[in-house]
Each structure stands twice: as C-alpha cells, then as structure tokens.
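**Q** Below is a structure I'd like to ask you about.
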Amino acid sequence: MADPERNIGASGPAGDATAAPAEPDPWQTALEGLDLIVLAPAACRIEGDGSGRLWGEVNGRHYPDLQVYMTHPLTDPAGWISLIAVEDADADGRRSDGGQSDRVELGVLEDLRGLDDAGRAAVQIALRLRYFMPRVLQIVAVRDEDPGQSGAVQWELLTDRGPMRLRMASLFDGIQQLDTGRLIFADRDGNRADIPDVSALDAASRKLLERYYWF
C-alpha cells in the first residue's frame, strides 16, 4: 500500500552502494531541504456544505474545519492545493476565539483527481468562492479617498458581474501586474477584480488607469 503522504524534502532510503548513481531529479533537487508534505488524495476524505465550509479526515484524523488555498492561483489554479486545518474548531466548525484560531497546513494535494466525487466537488466550490474574481469591463471612476494624505484610492468598476467598488489603501499594494499585460486588483477588504488585458480596455478606462498607475 502506498504511503498516505510523502515528504518530498526528505531523503529516500539508501540504495545499493555498488549501484551506479541515478540521474538527479530536478524537481527533487529544487525542493531539497524543504519540509513540504504532499498528501495522497486517497488519505483525504473531505466533505462540504455547498457554501464553502469543509471538514473531514486527513491521514486518519478528523478535522471539523478545513480550508483550501491555491498555491499558484494564476499559473496553476488546478494544482498544488494547500489543505489547512483550524486547530481549535469544535465539532460544529465554530471557532472558540471568535475567528482567530491557529491554522496549520496539513500538506498539499498535487491535484484533485484522486479525491472522491463528493470531496472534489466540495473543494472546487470552496476554491471558487475564495477566489471569486470578476473581470473588469470598464473603469468608471477613480477617486482619492484622502487627497494628499494617506494615498488611499477608490475605484468604481463595471465588471462582468455588475458594478463593483474597490478601496485600496495603497496603489502599490493593491495592484499586481503580470508580464502578459494582466492586472489583478485587490482591496483592503479582500475583494478582487481582474483585467486580463489592459490593451483591450476602452480609451477612457485606460486614461483613468494611467492617471493612477504606470505600467
């Protein structure tokens, strides 16, 4: 039976000293020394309520509150999913300290294919809700919330999911630029919006964008 998890930062069993050395694995070499635990999907029994809350068993231990995160949400959204346990949640998933519970990473799933159908669907729903990101169709207005002081900016956007307002404490912290010409907006409340291609925006939107952000 396969091990329920493998630590790909640890060395494997010693081989025959007389055998020719195997070719080094570039992936193994890159991760040498890292304490990264890769979970076997068969050892994860995950359930959900359809609204993003997860619970279940991992390596034989029950966790009443599980959370999932993409480790590479832009470049590999379907792979290397981090599985987090909230340590002091009770049996109903409530947190005893009002939401500031300790969180522990149990490991990562290379992908979701090995999960059973119900578990895979529950995780996919939780990820979609966590990474909900409307696509920006138009920049309607940009306003300084505190002119000359904090640098906070409010963006009024029209997205494929309707009007949206983002409040950024700082432009430098609130906008992520990718080499492809894509911009990701994130505000201080955790809301996000996506501009897949700046050049596809209308002229008025680009003018507003360039007034506040240079790229």
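The values are calculated or read from the model by the stated rules, or taken from the named source; none is laboratory data. Please read all numbers here as calculations on a predicted model, not as lab measurements. So basically every Cβ, Gly included, is an ideal-geometry build from the backbone, and we count neighbours across all protein chains shown.
**Q** Are any of the residues in the stretch 117-128 surrounded by 13 or more Cβ atoms within 10 Å (Cβ to Cβ) and in a strand (DSSP E or B)?
**A** no
**Q** Consider G114 carefully, then state whether it is modelled with pLDDT of 85 or more, assigned to a loop (DSSP other than H, G, I, E, B), closer than 14 Å to P41 by Cβ and small (G, A, S).
**A** The answer is yes for G114.
**Q** To continue, here is another question. Give the number of residues within the stretch 172-215 that are surrounded by 14 or more Cβ atoms within 10 Å (Cβ to Cβ) and hydrophobic (A, V, I, L, M, F, W, C).
**A** 11
**Q** If only one of V86, V153, V104, V123 is modelled with pLDDT of 90 or more, of a type in the set (A, V, I, L, M) and in contact with a strand residue (DSSP E or B) (Cβ under 6 Å, 6 or more places away or on another chain), which one is it?
**A** Working: V86 fails: modelled with pLDDT of 90 or more; V153 fails: modelled with pLDDT of 90 or more; V104 fails: modelled with pLDDT of 90 or more.
Within the list V86, V153, V104, V123, the selection yields V123.
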